[in-house]
1. Quick one: Cα centre-to-centre distance for segment 126-152 and segment 54-68, in angstrom?
2. What is the spin-label model distance, in nm, from His33 to Arg124 if the labels are put 7 Å beyond Cα along the C-beta direction?
3. Would you mind listing how long segment 72-123 runs along its three principal axes, going by Cα atoms, in whole Å with the largest first?
4. Could you derive backbone 3J(HN,Hα) for segment 135-148 from the dihedral phi with the Karplus parameters 6.51, -1.76 and 1.60 (θ = phi - 60°), listing whole Hz in sequence and x where the residue is Gly or Pro?
5. How large is ³J(HN,Hα), in whole Hz, for each residue of segment 64-73 in order, when computed from phi with the Karplus curve 6.51 cos²θ - 1.76 cosθ + 1.60 and θ = phi - 60°, using x for Gly and Pro?
6. What are the semi-axes of the equivalent ellipsoid for segment 92-150, taken as the square roots of 5 times the Cα gyration tensor eigenvalues, largest first, in whole Å?
7. Would you kindly calculate the mean projected area, averaged across all directions, of the convex hull enclosing the Cα atoms of segment 46-152, in square nanometres?
8. HN-Hα J couplings of segment 79-89 from phi, Karplus 6.51/-1.76/1.60, θ = phi - 60°, integer Hz, Gly and Pro as x?
Amino acid sequence: MLSKKAKYGMKALLRLALEAERRPILIEDLSEHERIPRKFLEAILLDLKHRGIVQSRKGRGGGYFLARKPNDITLGEVVRALDGPLAAVPCVSQTAYLPCDDCPDEDACAVRLAMKEVRDATARILDRTSLLTANARAARSARALAAHRRKP
């Protein structure tokens, strides 16, 4: 399950992506607009800053902004930065592999094989979805919903 930290991190970054060409966003505005507790958001943004995903500027006109273009930041990178490996079990992790103590034959383990498929599918989707494409998808969905509501 995705942690609140990763979910809030994605929400904050998606908002920053919408403002990427305009201006940095104050943490207060980001917290209020995305309904993320401020102290939690501060910790999340600090983690993302250490990972080179966001930058900040102090003083007048300051705030947080993306360190790279929205198309160059994937949801997979964000989840890994905030939650760690995508794998549900460590024996299928590509970045934090650990063998299972209770598994006599890793190659024939049904749980491992199923969880590897889950990890691979999850990674494929998250690593192909940039902040730009996620926002574009959300905008299309909102337009379709609005059009559907207008129908008599």
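1. 27 Å
2. 3.5 nm
3. Principal extents (Cα only, largest first): 41, 18, 12 Å.
4. Ordered by residue, 3J(HN,Hα) equals 5, 5, 4, 5, 5, 4, 4, 5, 5, 5, 5, 5, 5, 5 Hz.
5. Result, rounded to whole Hz: 9, 8, 5, 7, 9, 5, x, 6, 9, 10.
6. 40, 13, 7
7. Across all orientations, segment 46-152 yields a mean hull projection of 11.0 nm².
8. So the Karplus estimates, Gly and Pro as x, are 4, 5, 5, 9, 10, x, x, 7, 5, 6, 10 Hz.
Read the figures in this text as sums done on the coordinates, not as results from a lab. Computed from a predicted structure; not experimentally measured. All Cβ positions, even for glycine, are placed from backbone atoms using ideal geometry, and neighbour counts span all protein chains on display.
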